[in-house]
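The values are calculated or read from the model by the stated rules, or taken from the named source; none is laboratory data. Predicted, not measured: the structure shown is a model, and the values here were computed from it. Cβ placement follows ideal geometry from the backbone for every residue including glycine, while neighbour counts extend to all protein chains displayed. The protein model used for the area step is the full one, side chains on, heavy atoms only, and it has no ligands, DNA or RNA in it. Shrake-Rupley method; radii C 1.70, N 1.55, O 1.52, S 1.80 Å.
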Amino acid sequence: MPAPPSDKPVYRFAPSPNGFLHLGHALSALLNHDMAAASGGRFLLRIEDIDLTRCTPQFEAAIYRDLAWLGLDWEEPVRRQSDHFDAYHAALDRLTEMDLVYPAFLTRGEVKAKVAANEASGKSWPRDPDGSPLYPDDDRHRSQTERRKLIADGVRHAFRLDMQKALDLIGAPLNWTETGDGDRGEIPADPSAWGDVVLSRSDAPSSYHLSVTVDDAAQGITHVVRGLDLFEATAVHRLLQELLGLPPPIYHHHRLILGADGRKLSKSEGSTGLAALRDQGLPAGDIRGRLGL
Ligand code: GLU
């Protein structure tokens, strides 16, 4: 259910508590906070903990500690995604009623084997913008009888969006408004590059794409400020917004902070972790300078 429109801009920082925050997260959090402050807007924090196997209360507590150390404050209560699986389920049901969802039975191992066999025979397999192979179309073509039998037999399955059907239903090109550090202006969205995206898994009741879309609308987010690594994913979010009748925010994808090896920082990277920098005695006030803010 979308939040009623707000007369103020609404920003959010949405980390996943599956590791410690690093300088890249600090840039995101500070930009969201500063842009909200500069526009007289609101700054929200959202805990994206749908992956119940990797997210922990310890990492969540560390997020609050690190953000407080940076001098940020945010509105309470904080939205925690694991408290809202019913909302993601309702969105999945709606897409299912629109006949855009199918049960997907292939395991990660089966997909990998299929791609490897294909590539071994010299054929390339299409990959998404993150480099992962697109989901094969086997399950999309199964009959209802076959699907029912597999489910009755207890075969574990995910639910995926039938991308082509969804695009046919929308029927018009999609775009989004971008104000970030990469391309700007009206950006054409190409969700088909992601293939039949996963909407829920047997071990995680909602996917990142589905929950982020539902939550941004539920919280009345007007401006999404996040790293350029999520630029391409915005195409999927725009498609889901359109299918679910949710208002699109304005997007601002900011530069990424790279490690000494020139790669994106990872959560296991101690030297750029905010807690590690604090423990080394770095004053919180120096973080902005390190980030070029
Ligand atoms: N939870 C995501 C992450 O930690 C960010 C999602 C978003 O900002 O849209 O990478």
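Annotations
- J(HN,Hα) series, region 114-131, from Karplus relation 6.51 cos²θ - 1.76 cosθ + 1.60, nearest Hz, glycine and proline x: 5, 5, 4, 5, 5, 5, 5, 8, x, 9, 8, 10, x, 10, 7, x, 8, x
- Accessible carbon and sulfur surface of the chain relative to its total accessible area, %, 1.4 Å: 53
- Heavy-atom surface of region 228-287, accessible at 1.4 Å and reported per residue (Å²): 46
- When both region 115-156 and region 16-59 are represented by their alpha-carbon centers, they are found 34 Å apart.
- Among G220, G182, G131: highest mean-square fluctuation, GNM of the chain, C-alpha pairs under 10 Å: G131
- Size of electric dipole in the chain: Cβ of Lys, Arg +1 and of Asp, Glu -1, about Cα centre, debye, nearest 20: 420
- For R142, no residue whose modelled amide H falls within less than 5 Å of its own remains once neighbours fewer than 5 places apart on the same chain are excluded.
- Under Karplus coefficients 6.51, -1.76 and 1.60, residue-wise ³J(HN,Hα) of region 134-141 in Hz, glycine/proline x: 5, 5, x, 8, 3, 6, 5, 9
- For region 48-64, 3J(HN,Hα) computed residue by residue from phi via the Karplus equation (6.51, -1.76, 1.60; θ = phi - 60°) reads 9, 10, 5, 7, 5, 7, 10, 8, 9, x, 5, 5, 5, 4, 5, 4, 4 Hz, glycine and proline entered as x.
- Shape of region 1-124, Cα gyration tensor, a/c cut at 1.5: prolate
- Partner aspartates and glutamates for K149 [C-alpha distance under 14 Å; skip if fewer than 8 residues away on the same chain]: D139
- Stokes-Einstein diffusion for region 112-200, with the hydrodynamic radius set to the Kirkwood value over Cα pairs and evaluated at 37 °C in a medium of 0.692 mPa s, equals 207 µm²/s.
- For the residues D49, D203, D279, a GNM of the chain with alpha-carbon springs under 10 Å puts the largest fluctuation on D279.
- Cα centroid separation - region 160-184 against region 197-225, whole Å: 15
- Within a straight-line Cα-Cα reach of under 19 Å, K114 can be paired with the following lysines, leaving aside sequence neighbours fewer than 8 residues apart in one chain: K123.
- Largest-first ellipsoid semi-axes for region 152-197, taking √(5λ) over the Cα gyration tensor eigenvalues, angstrom: 31, 14, 7
- Under-5 Å amide H pairs with G220, H placed in peptide plane, nonlocal only: A3
- Amide H contacts for R42 (H built 1.01 Å from N in the peptide plane; partners 5 or more residues away or on another chain; cut-off under 5 Å): V10, Y11.
- Averaging over all projection directions, the Cα-based convex hull of region 148-268 occupies 9.9 nm² in the image plane.
- Restricting the trypsin sites (Lys or Arg not before Pro) of region 211-293 to loop positions (DSSP other than H, G, I, E, B) with no more than 13 neighbouring Cβ atoms within 10 Å leaves R263.
- Computed over the Cα atoms of the chain, pair by distinct pair, the Kirkwood hydrodynamic radius stands at 20.5 angstrom.
- Solvent exposure of region 92-138 amounts to 60 Å² per residue of accessible area, where only protein heavy atoms count and the probe is 1.4 Å.
- Size of charge dipole - region 212-278 - debye, nearest 20, with Cβ of Lys, Arg +1 and Asp, Glu -1, no other charges: 260
- Kirkwood hydrodynamic radius of region 75-123, from the reciprocal of the average inverse Cα-Cα distance over all distinct pairs: 14.4 Å.
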